[in-house]
Amino acid sequence: MPTESLKITTSEGHELSGALEMPTGLVRGAAVFAHCFTCTKQSKAAKAVSQALAREGIASLRFDFTGLGASGGEFGRAGFASDVEDLIASAQYLIERFDCQILLVGHSLGGAAVLAVAADLDREKVAAVATIGAPSDVPHVLHNIKGDLDEIEREGEGDVTIGGRPFKLSKQFLDKTREVDLVQRIKGLRTPLMIMHSPTDDIVGIEHASNLFEAAKHPKSFVSLAGADHLLLNEADAQFAAQMIAAWAGRYLPQKEALPIPEEGVVVQTGNGKFGTEVHTVSHRFVADEPISYGGDDTGPTPYDLLNAALGICTAMTMKMYADRKKWPFEGTRIHVTHERDHAEDCGHILDENVQVQALNRKIEILGDSLDDEQRAKLIEIADKCPVHRTLEGHLHIHTEAAG
């Protein structure tokens with residue numbers, strides 16, 4: 001996916017470091033991902049979910065909370081209230097840039113933060129919320145802090161370790177974390193909610209998911225991440241969560257349809273990335289691209305892939321249609337098509353030094369043993385009569401005009 005690096009300024013004047021995963025095709029919606037406690041935007045869950053959403057046409061922003069990763073400010077003085085402010089600033093950026101409702105996704109404490117933000121933001125701006133391993137009570141995260149919290153209460157600040165990393169925490173951080181009543185906020189939430197949690201999560205127990213689900217109003221959904229650890233360190237677990245969120249979000253996230261469906265033919269429009277291009281037929285939509293070796297993002301077939309496919313598909317359809325009409329025991333065909341740019345040179349007959357002769361090489365395999373030699377030979381003959389074959393070898397003219 002094309003990724004934009006950007007900076008977002010918070011209400012406190014800190015700069016947040018963000019990475020915006022853009023769809024290769026057109027943008028149909030937007031989402032923001034809030035990472036777990038002391039993680040960064042580079043966590044497996046953050047990248048997997050953001051990129052999965054981008055593949056579905058949803059521009060997805062992952063960012064570092066204040067004082068973490070490449071973001072400014074002091075983590076130890078921020079606290080949960082600061083996380084909420086960071087999220088609001090990020091959400092407002094997306095709303096203003098893409099002029100649409102957004103999806104909020106949060107992992108662990110980031111999940112608690114998106115729930116709090118969804119309750120605070122204008123309901124017309126948030127389409128849906130999804131959480132992964134979120135705690136139902138924010139003060140729960142204090143149990144993961146190793147240090148003398150009583151001393152911090154007395155002295156105003158002190159050194160601690162979280163997940164093996166050293167931090168200096170302030171009394172303000174502890175106070176802001178303890179004062180949050182997340183369940184009470186959720187009771188007033190009227191936004192579609194999906195809660196994802198592992199029953200074997202040994203950091204945030206499954207009872208937290210039960211508390212959140214019970215407090216939330218419908219529409220609400222629960223997805224079990226059975227066997228996954230809290231941080232989704234297993235790539236398969238992160239990908240599963242990402243795919244589930246992307247599929248679920250499509251039901252609630254309004255899609256901006258910037259490219260019309262044609263009444264005939266196809267219509268294409270430049271997307272994002274270097275070569276990303278969206279293609280609409282009368283009833284289908286897909287993205288075309290170029291390989292990474294050509295500077296593309298490899299998120300869809302290339303133009304020549306589509307050309308080769310057109311010949312191969314039409315050949316297979318024509319052979320099957322003929323066999324069906326003859327009531328032959330046809331078991332199918334497998335066709336391999338390649339494109340050759342310098343056919344004349346390879347064959348040793350250059351017609352004109354200014355004319356490049358190209359070729360499509362088609363290898364046809366007839367599957368199964370049900371047909372006799374005569375039937376097989378006839379089907380190979382019929383392959384040359386497919387409509388796309390005739391178009392490509394006929395007198396094809398391309399007429400171009402500028403649209404008004």
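The values are calculated or read from the model by the stated rules, or taken from the named source; none is laboratory data. Predicted model, so just to flag it, every value in this text is computed and none were measured. In this analysis, Cβ positions are derived from the backbone assuming ideal geometry, glycine residues included, and neighbour counts consider all displayed protein chains.
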So which residues in the stretch 268-313 are closer than 21 Å to M22 by Cα and of a type in the set (A, V, I, L, M)? V268, V279, V287, A288, I292
Any idea which of A242, A238, A209, A247 is in the same structural domain as L109 (by TED's automatic domain parsing), surrounded by fewer than 17 Cβ atoms within 10 Å (Cβ to Cβ) and either in contact with a strand residue (DSSP E or B) (Cβ under 8 Å, 6 or more places away or on another chain) or not in a loop (DSSP other than H, G, I, E, B) (or both)? A247
Output yes when any residue across the stretch 161-175 is at pLDDT 75 or above and farther than 17 Å from E74 by Cβ, and no when none is. no
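Filter the stretch 136-151 down to the residues that are in contact (Cβ under 8 Å) with a residue 60 or more places away in the chain and either among the small types (G, A, S) or buried (at least 24 other Cβ atoms within 10 Å of the Cβ) (or both) and list them by number.
S136 - this is the single residue of the stretch 136-151 that is in contact (Cβ under 8 Å) with a residue 60 or more places away in the chain and either among the small types (G, A, S) or buried (at least 24 other Cβ atoms within 10 Å of the Cβ) (or both).
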Mind checking which residues of the stretch 91-107 are under 12 Å from S11 (Cβ atoms) and at pLDDT 95 or above? none
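Does the stretch 280-293 contain at least one residue that is in contact with a Lys or Arg (Cβ under 7 Å, 6 or more places away or on another chain) and part of a helix (DSSP H, G or I)?
Scanning the stretch 280-293 turns up no residue that is in contact with a Lys or Arg (Cβ under 7 Å, 6 or more places away or on another chain) and part of a helix (DSSP H, G or I).
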Can you find a residue in the stretch 134-144 that is of a type in the set (D, E) and more than 22 Å from G69 (Cα to Cα)? yes
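In the stretch 158-196, which residues are of a type in the set (A, V, I, L, M, F, W, C) and assigned to a strand (DSSP E or B)?
Narrowing the stretch 158-196 to residues of a type in the set (A, V, I, L, M, F, W, C): 160, 162, 167, 169, 173-174, 180, 182-183, 186, 189, 193-196.
Answer for the stretch 158-196, where residues must be of a type in the set (A, V, I, L, M, F, W, C) and assigned to a strand (DSSP E or B): V160, I162, F167, L169, L193, M194, I195, M196.
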Is there any pair with a first residue in the stretch 30-41 that is in a loop (DSSP other than H, G, I, E, B) and a second that is of a type in the set (D, E) whose Cβ atoms are under 7 Å apart and which are 6 or more apart or on different chains, and what are they? T40/D64; K41/D64
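Could you list, in sequence order, the residues of the stretch 136-157 that are part of a helix (DSSP H, G or I), β-branched (V, I, T) and more than 19 Å from H197 (Cα to Cα)?
Taking the stretch 136-157 first, the residues part of a helix (DSSP H, G or I) are 138-144, 149-155.
Filter once more, so that each one left must be β-branched (V, I, T): 138, 141, 152.
Residue satisfying the conditions is I152 alone.
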Could you say which residue among S11, S71, S43 is among the polar types (S, T, N, Q), over 18 Å from the mean Cα position of the chain (by Cα) and under 26 Å from V204 (Cβ atoms)? S71
